[in-house]
Amino acid sequence: MNRSLFPRLAVALSLAAATCHLAVHAAEEAGVIHISDHAQKTIPIALTGFSGEAAQVLRFDLEVAGFDVVPVATAQYELKGVAGGNVQGALSDTANHHTLFARAYPGGTTRAQAHMLSDDVVKAVTGQPGIARTRIAFKVDQGRAKEIYVADYDGGNTFRATEDNSIAASPSWVPGKLRLFYTSYRGGGPAVYTHDLQSGARTRVFGFNGLNTSAAVSPDGTRVAVILSKSGSPDLWVANIDGSGLRQLTKTHEPESSPCWSPDGRTICFASTRDGKAALFTVPAAGGEMHKLSTGGIIPATEPDWSPDGKWIVFTRAGGSFDLYVIPSGGGTAELLTTGEDPSWAPNSRTIIFTRGRDGARRLSLLDVPTRRVKDVNRISGSSSQPSWAR
């Protein structure tokens with residue numbers, strides 16, 4: 001793109017200030033997340049002037065975010081640019097004939113610049129932050145070994161975080177940090193470790209006799225929920241982030257699994273077979289009675305994950321097939337989303353990463369909940385599962 005375009009676009013932005021309230025209103029409407037049995041419409045956008053890696057990354061990011069890349073003639077928005085030394089982009093609202101922004105993205109790789117541009121597009125149109133620069137952790141089965149890998153949300157920049165040459169599973173991020181909790185059998189039985197991705201330092205946090213698994217860190221990063229069988233059956237426990245101050249929350253004599261936290265850190269949702277078949281329950285993180293969460297009759301229900309905005313809980317219905325459902329966080333009617341398992345919400349409370357396929361063919365996929373669009377994450381060798389989205 002000709003660099004002289006950007007000053008002219010800045011002038012155009014000033015001249016269009018009187019009409020910008022229309023675009024803001026449209027962005028606010030687009031940012032509202034509705035979940036229903038019927039998919040919402042995608043947002044039509046045209047990409048012009050991009051090629052190669054920049055074009056591929058932008059298309060992927062925007063389609064995951066609920067956009068549909070279409071010809072200019074049918075687009076509501078147009079993103080113009082070129083990918084040379086730096087990615088440059090100018091976003092215009094074709095319906096209202098004004099420019100929303102014009103920016104250049106110096107430094108870093110073409111791929112990183114394209115991710116920054118797509119995030120800016122999402123923010124300008126929907127009013128919500130983009131997720132193109134977020135990261136995921138997941139388990140990869142490669143022969144007998146099962147290791148934890150970390151990647152960008154789309155599968156780029158993948159690297160192996162563990163080299164246990166054993167079974168490593170159930171990764172969980174410490175919010176706001178490059179640090180994971182996970183379960184490993186590297187010492188024989190299952191133990192829970194914390195792993196600093198920057199220094200490589202690893203510490204065993206829970207290593208009691210029996211089962212130690214499914215660690216989930218509180219949103220403020222100070223506590224961890226975990227499943228331990230140290231008192232008999234697998235029960236839900238909570239402790240400080242370093243493993244101290246351990247407290248037992250459930251004593252059902254039936255297995256509990258898959259804890260997750262409410263965004264305010266006051267409540268933990270988990271799966272239990274207390275009533276026979278697996279169902280969802282909640283319990284105060286400070287201790288108290290467990291309460292069954294209505295899933296509208298959809299059972300067995302397991303693998304819950306609480307959306308960061310506090311409004312929704314996604315879970316897996318395990319049966320002849322595995323399906324993802326979503327309910328209001330207080331329980332209620334369950335809405336079918338797609339076929340799959342292992343769901344984890346993105347920081348935007350709109351996108352879910354999950355596992356689909358069975359046995360050696362499992363792979364990670366991304367679901368845009370309002371539009372029901374599914375796109376596969378770039379696949380590495382082996383079977384991928386148990387994704388966790390960094391928040």
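The values are calculated or read from the model by the stated rules, or taken from the named source; none is laboratory data. Since we're looking at a predicted model, the values are computed, not measured. Positions of Cβ are generated from backbone atoms using ideal geometry, with glycine treated the same way; all protein chains shown enter the neighbour counts.
Overview of values
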{"quantity": "Restricting the stretch 332-346 to residues that are of a type in the set (S, T, Y) and assigned to a strand (DSSP E or B), the residue that is surrounded by the most Cβ atoms within 10 Å (Cβ to Cβ)", "calculated": "S344"}
{"quantity": "Residue among T74, T19 that is modelled with pLDDT of 95 or more and more than 19 Å from L117 (Cα to Cα)", "calculated": "T74"}
{"quantity": "Qualifying position, being buried (at least 22 other Cβ atoms within 10 Å of the Cβ), touching a residue at least 12 places away in the same chain (Cβ under 8 Å) and under 23 Å from I298 (Cβ atoms), among T371, T355", "calculated": "T355"}
{"quantity": "Strands (runs of 3 or more DSSP E) fully within the stretch 277-331 counting 1 or more residues that are surrounded by fewer than 19 Cβ atoms within 10 Å (Cβ to Cβ)", "calculated": "279-284, 312-318, 322-328"}
{"quantity": "For L91: the one exception among (1) of a type outside the set (G, A, S); (2) surrounded by fewer than 21 Cβ atoms within 10 Å (Cβ to Cβ); (3) in a strand (DSSP E or B); (4) outside the structural domain of P190 (by TED's automatic domain parsing)", "calculated": "(2)"}
{"quantity": "Filter pass, P259 being assigned by TED's automatic domain parsing to the domain that holds Y182, crowded, with 18+ Cβ neighbours inside 10 Å and within 21 Å of the chain's Cα centre (by Cα)", "calculated": "yes"}
{"quantity": "E254 among the charged types (D, E, K, R), assigned to a loop (DSSP other than H, G, I, E, B), at pLDDT below 95 and farther than 19 Å from F138 by Cα", "calculated": "yes"}
{"quantity": "Contacts under 7 angstrom Cβ, first residue in the stretch 141-159 being more than 17 Å from P171 (Cα to Cα), partner part of a strand (DSSP E or B), 6 or more apart", "calculated": "N157/A151"}
